[in-house]
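Trainee: Sharing a structure, written as structure tokens. Questions coming.
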């Protein structure tokens, strides 16, 4: 799995030209991209979401578009529409911004449900249907959606079905003091306009996605993953647990993380680290848990503490070449 690590290191080095800190977030975005999923970033404005997304898109040579979600944004505005060409006398399809390889959907919860649903097929199926005709999207296809957790006026909360389409829900958080000093210094010296160059190709990203699927997961780690997921379905305080899609997502994310960190096998720590990010947004809590001010992350933490963790040796393949 050296190739996955090499691609990761190239992207990290290039993105660091404009991205200060946020190495964990970048790693999680790469987990999302390499496992073929999509990521929801929930954070306040001004913490660098757009800069990070653009840096990632440019470093992998992907076509990048940004969709600024507003209540008047229509499905045709994002998927495209058929128009009549007076010169040729034919109807032509004009692609919308979803026909890209990396899409940043800013404040997705400001878009009306019809527009949110239009993105659903693209995210789930890798295709878009307009006027009865289905059009495949280029690979890799990766959506980073953002939403502001503070403002609620004029927003349309994402329904559970659409939340479930996101591999992970993560938050950037505020930078450390040293990182913020660096950001401030760069802004004063006008270093923020550093040029990012493509260091890998979209084809290499697709090849990485194929390699990720080959990463070994032992039976013991599989059973541990399934135990964590299944416990969410009958745990006190959780009304609706993670679905089989959530289980598959956690497994795929763990394989990608292992490859990014230079391993050809998944460890229990990969599952434990990713479970809150992959599963929390898929859970629906009971009113009693909310009254006690419990969050999905709190309950998942309890589940991870109770689940029996397999021994590290059980995760290593019998013949690993090491």
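Rule-based calculations on the coordinates, nothing more; no lab input. This is a predicted model, so every value here is computed, not measured. Note that we place each Cβ from the backbone using ideal geometry, even for glycine, and neighbour counts take in every protein chain shown.
Trainee: Shape call for the range 58-108 from the C-alpha gyration tensor, a ≥ b ≥ c root eigenvalues: rounded (a/c under 1.5), prolate (a/b greater than b/c) or oblate?
Mentor: oblate
Trainee: Just want the ordering: 77, 270, from fewest to most Cβ atoms lying within 10 Å of their own Cβ. Spell out each step's value before the answer.
Mentor: On the way: 77 18, 270 26.
Final ranking by Cβ density, sparse to dense: 77, 270.
Trainee: Can you give the FRET efficiency for residue 127 and residue 290, using 1/(1 + (r/R0)^6), R0 = 35 Å, r = Cβ-Cβ distance, to the nearest 0.05?
Mentor: 0.40
Trainee: Here are a few candidate values for log10 I(q)/I(0) by the Debye sum over Cα atoms at q = 0.09, 0.14 Å⁻¹: (1) -0.50, -1.18; (2) -0.62, -1.17; (3) -0.52, -1.08. Which one was actually calculated from the structure I just gave you?
Mentor: (1)
Trainee: If you line up the long axis of helix 219-231 against the longest principal axis of the chain, both from Cα atoms, how many degrees apart are they, to the nearest 10?
Mentor: Once rounded, one gets 70 degrees.
Trainee: Evaluate the distance, in nm, between pseudo-label points positioned 7 Å from the Cα of residue 261 and of residue 180 along their respective Cα→Cβ axes.
Mentor: Calculated label separation equals 3.0 nm.
Trainee: Measure nothing but the geometry: give the 0 to 90° angle between the long axis through the Cα atoms of 268-279 and the longest principal axis through the Cα atoms of the chain, rounded to 10°.
Mentor: Helix 268-279 sits roughly 40 degrees off the main axis of the chain.
Trainee: Say R0 is 22 Å: what FRET efficiency, to the nearest 0.05, do residue 112 and residue 163 get from their beta-carbon distance?
Mentor: So the FRET efficiency works out to roughly 0.85.
Trainee: Would you look at the GNM of the chain, springs on alpha carbons closer than 10 Å, and say which of 85, 148, 109 moves the most?
Mentor: 85
Trainee: Same structure again: Within the chain, what percent of beta bridges assigned by DSSP are antiparallel, to the nearest 5?
Mentor: For the chain, the DSSP antiparallel bridge percentage is about 40.
Trainee: If one computes P(r) from the Cα atoms of the range 195-322, what percent of pairs lie at distances over 23 Å?
Mentor: That fraction is 40 percent.
Trainee: Go ahead and set up a Gaussian network model of the chain, Cα springs under 10 Å, then flag whichever of 288, 218, 59 fluctuates most.
Mentor: So, out of 288, 218, 59, the one fluctuating most is 288.
Trainee: In nm, to one decimal, how far is the modelled label at residue 195 from the one at residue 95, with both set 7 Å along Cα→Cβ?
Mentor: Each label point lies 7 Å from its Cα, and together they span 2.5 nm.
Trainee: I would also like to ask the following. From the mean inverse distance of alpha carbon pairs (Kirkwood) and the Cα radius of gyration, derive Rg over Rh for the range 27-80.
Mentor: Numbers: Rg = 12.9 Å, Rh = 13.1 Å.
Radius of gyration over Kirkwood radius for the range 27-80 works out to 0.99.
Trainee: Express in % the proportion of alpha carbon pairs of the range 24-177 at distances exceeding 27 Å.
Mentor: Of all Cα-Cα distances in the range 24-177, 22 percent exceed 27 Å.
Trainee: How much of the DSSP beta bridge set in the range 24-177 is antiparallel, as a percent to the nearest 5?
Mentor: Counting DSSP beta bridges with both partners in the range 24-177, the antiparallel share is about 40 percent.
Trainee: Most fluctuating residue of 223, 29, 98 in a GNM of the chain with Cα springs under 10 Å: which is it?
Mentor: Maximum among the listed residues: 223.
Trainee: Can you tell me the 0 to 90 degree angle between the C-alpha axis of helix 244-260 and the longest principal axis of the chain, rounded to 10?
Mentor: 90 degrees
Trainee: How many angstrom lie between the Cα centre of the range 69-101 and the Cα centre of the range 206-260?
Mentor: 37 Å
Trainee: Follow-up question, since we're still on this one. Using a ≥ b ≥ c from the Cα gyration tensor of the range 173-239 (square roots of the eigenvalues), is it rounded, prolate or oblate, where a/c under 1.5 gives rounded and otherwise the larger of a/b and b/c decides, a/b for prolate?
Mentor: Details: a/c = 4.04, a/b = 1.60, b/c = 2.53.
Cα axes put the range 173-239 in the oblate bin.
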